[in-house]
2 protein chains.
Amino acid sequence: MALKKLKRSARLVEMTQYLLSRPHTLISLTAFADRYQSAKSSISEDLAIIKEVFEEEGFGELNTLAGAAGGVRYTPKMHTDTALSIMKNICRQLEQPERVLPGGYLYMTDMLGQPDLLADVGRMFATSFASRNIDVIMTVETKGIPLAYAVASCLNLPVVIVRRDNKVTEGSAVSINYVSGSNKRIQTMSLARRALKEQSRVLIIDDFMKAGGTIQGMMDLLYEFKATVAGVGVFVESGEVELEERLLEDYVSLAKLTAVDMKTKQATVVLGNYFK
Amino acid sequence: MALKKLKRSARLVEMTQYLLSRPHTLISLTAFADRYQSAKSSISEDLAIIKEVFEEEGFGELNTLAGAAGGVRYTPKMHTDTALSIMKNICRQLEQPERVLPGGYLYMTDMLGQPDLLADVGRMFATSFASRNIDVIMTVETKGIPLAYAVASCLNLPVVIVRRDNKVTEGSAVSINYVSGSNKRIQTMSLARRALKEQSRVLIIDDFMKAGGTIQGMMDLLYEFKATVAGVGVFVESGEVELEERLLEDYVSLAKLTAVDMKTKQATVVLGNYFK
């Protein structure tokens with residue numbers, strides 16, 4: 001859609017908004033030239049200014065692809081320094097007293113309910129997984145859902161939600177039983193057949209991982225869909241797991257719960273392997 | 001945090017990004033002047049340019065509050081024309097064959113898994129409820145969660161998720177039984193005590209409403225927290241409900257499912273009361 005002719009200053013504002021709201025989307029120079037009724041050379045100059053600011057301030061990359069099929073693509077990213085400072089602050093919040101729940105879990109529902117925290121955390125995972133070949137993001141209800149969407153918004157990918165029961169009213173579904181690694185209980189998870197295409201490359205996102213039984217369950221489910229795992233990201237992993245109990249090796253964690261004192265209800269939370 | 005001194009064109013790009021990522025947040029002119037090491041008069045001129053583009057292109061308002069406690073606030077909005085064209089397209093998608101589920105529900109999980117659709121729909125609700133006095137957004141698991149977050153991102157508000165069971169492992173919880181209005185089954189929903197402050201003003205968001213039993217259940221739950229309803233927004237309402245069965249009057253719907261042919265599995269979906 002062509003806009004009325006804008007001055008350069010106004011065009012820069014509009015173009016910035018346009019790019020920010022279309023992450024991981026290739027936009028052709030012709031589309032921009034038509035939109036702003038401007039020469040491609042002017043558009044290129046504008047993009048150079050935007051690119052410099054985005055990359056200098058560390059909120060993403062602007063990559064130009066040359067050629068007929070070329071254009072520009074905005075990739076949201078976060079500087080490691082910024083991520084570090086945000087996660088240190090989050091770790092301190094996670095160590096607040098009274099967050100320790102029965103079973104050594106951490107109460108963090110309130111924090112995962114804050115859109116600004118989610119946006120930051122989503123951008124961190126988007127930075128980690130930006131260059132992987134991913135078709136869809138998967139999570140299991142309930143607490144991982146907001147996080148999965150925060151990542152999905154940055155990566156411009158759809159989300160698929162695995163249900164914890166088999167009461168899915170969405171046509172035929174695949175159910176599997178899995179053993180939660182830490183407490184050895186048998187549980188069920190299911191996904192509607194039509195929710196996921198075969199051969200999909202899937203990024204698994206969850207809020208908390210102990211031994212990894214739930215994530216292993218999602219991987220088993222993916223196998224039923226002939227889909228493959230393109231990555232695993234967890235907000236907090238528990239370090240309170242014996243190494244031989246750990247069900248998976250290849251994952252990204254932002255924080256790690258290393259110790260829980262059930263008497264004082266005090267947790268110790270350090271940075272995750274994202275920062276290694 | 002002060003940035004290195006930027007040229008005006010670069011400053012406009014940075015400022016646009018800064019405002020867009022902080023909706024419904026008052027930012028003082030002094031903060032901007034410090035950040036960009038520029039005179040308030042230059043900042044005011046930049047803001048005037050940004051305001052004109054935002055309001056001209058219809059993606060939000062930029063309101064300036066004068067005085068010592070003053071500043072500028074970005075309010076994401078969507079033009080009714082834009083919303084209309086997007087929702088007409090969504091209605092057509094909802095009418096695709098094979099979306100009709102047993103019980104007269106519509107399969108729309110795939111659509112509510114698309115971040116761009118969610119961002120659009122979130123912005124529509126944010127436009128509706130921008131001027132209401134709201135502390136928190138509430139939804140019930142599972143399918144309403146992405147939608148609630150999309151609205152929350154625009155309104156800069158936290159989200160609280162009501163669980164459909166009472167297996168909440170988050171300390172003491174309040175559970176209520178409610179009767180799903182359409183199929184008369186008694187169900188349970190619960191919310192952890194610490195998830196919601198007393199006296200909160202709550203915007204309820206859900207994906208689908210038939211007679212309104214689930215939403216009435218959330219309202220009953222709010223009563224237990226001495227909280228009040230600041231608004232109700234549903235993505236799709238079902239028109240297949242007798243008027244006397246309808247449990248609530250005051251809500252905003254974006255689309256309305258008016259007829260379902262179970263034989264041909266064909267649904268008719270029209271615009272909701274948002275456009276009235």
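The values are calculated or read from the model by the stated rules, or taken from the named source; none is laboratory data. Every value quoted in this text rests on a predicted model; they were computed, and no experiment measured them. Here the Cβ positions follow ideal geometry from the backbone for every residue, glycine too, while neighbour counts run over all protein chains shown. The area values use the complete protein model at the heavy-atom level, side chains included, leaving out ligands, DNA and RNA. Shrake-Rupley method; radii C 1.70, N 1.55, O 1.52, S 1.80 Å.
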- request: Compute the distance in nm between two label points, each set 7 Å from the Cα along the Cα-to-Cβ direction, one at B:Lys226 and one at A:Glu61.
  value: 5.4
- prompt: Considering only protein heavy atoms, what per residue accessible area in square angstrom results for the protein assembly as shown with a 1.4 angstrom probe?
  reply: 44
- line: Taking Cα pairs closer than 8 Å and at least 6 residues apart, the relative contact order of chain A in percent is 15
task: Whenever you get a sec, compute what percent of the accessible area on the range B:108-257 sits on carbon and sulfur atoms (1.4 Å probe).
output: 44
task: In whole Hz, with x marking every Gly and Pro, tabulate ³J(HN,Hα) for the range B:68-84 from phi via Karplus 6.51 cos²θ - 1.76 cosθ + 1.60, θ = phi - 60°.
output: 4, 8, x, x, 10, 9, 9, 10, x, 9, 9, 4, 4, 4, 5, 4, 4
statement: Log entry: pair-distance distribution for the range B:200-274, C-alpha pairs binned every 5 Å from zero, whole % per bin is 4, 15, 25, 22, 16, 10, 5, 3, 1, 0
- line: HN-Hα couplings for the range B:256-268 via Karplus (6.51, -1.76, 1.60; θ = phi - 60°), in whole Hz with x for Gly/Pro, come out as 9, 7, 9, 8, 10, 9, 5, 5, 8, 6, 10, 10, 10
field: Cross-link pairs beyond the 25 Å C-alpha cut-off, checked among A:Lys5/B:Lys40; A:Lys226/B:Lys88; A:Lys4/B:Lys51; A:Lys88/A:Lys265
entry: A:Lys5/B:Lys40; A:Lys226/B:Lys88
statement: homo-copy label distances at A:Val179 (7 angstrom along Cα-Cβ), nm, one dp, ascending, are 4.5
message: Suppose you put the label 7 Å out from Cα in the Cβ direction; list, shortest first and in nm with one decimal, how far B:Pro102 is from each other copy's label.
response: 3.4
query: Which residues make up the longest stretch of chain B that has no GluC sites (Glu not before Pro) in a DSSP loop with at most 14 other Cβ atoms within 10 Å?
result: B:99-197
message: Quick one: 3J(HN,Hα) in Hz for the range B:109-115, Karplus 6.51/-1.76/1.60 with θ = phi - 60°, rounded, Gly and Pro as x.
response: 4, 4, 5, 6, x, 8, x
Buried solvent-accessible surface, both chains (A, B), 1.4 Å probe, Å² to nearest 100: 3800
field: Sequence-distant residues sharing a close amide H with B:Gly58 (under 5 Å, placed H)
entry: none
- prompt: If you put a point 7 Å past Cα along the Cβ direction, how far is that point for A:Lys88 from the same point in each other copy, in nm, smallest first?
  reply: 5.4
query: Given q = 0.06 Å⁻¹, what are the Debye log10 I(q)/I(0) values for the protein assembly as shown, with equal point scatterers placed on the Cα positions and solvent ignored?
result: -0.30
For the range B:169-254: relative contact order, % (alpha-carbon pairs under 8 angstrom, 6 or more apart): 30
- line: The computed P(r) of the range B:4-77 puts the percent of Cα pairs beyond 20 Å at 21
- request: Give the dimensionless ratio obtained when the Cα radius of gyration of chain A is divided by 2.2 N^0.38 Å.
  value: 1.15
query: Just how much of B:His79 is accessible, in Å², when a 1.4 Å probe is used and the result is rounded to the nearest 10?
result: 90
task: Check each residue of the range B:1-38 and keep those whose accessible area, probe 1.4 Å, is at least 30 Å² smaller with all protein chains in place than in the chain alone; give them in order of residue number.
output: B:Lys4, B:Ser9, B:Leu12, B:Val13, B:Glu14, B:Thr16, B:Gln17, B:Leu20
The range A:134-269 - Rg (one decimal) and Dmax (whole number), Cα, Å: 15.1, 48
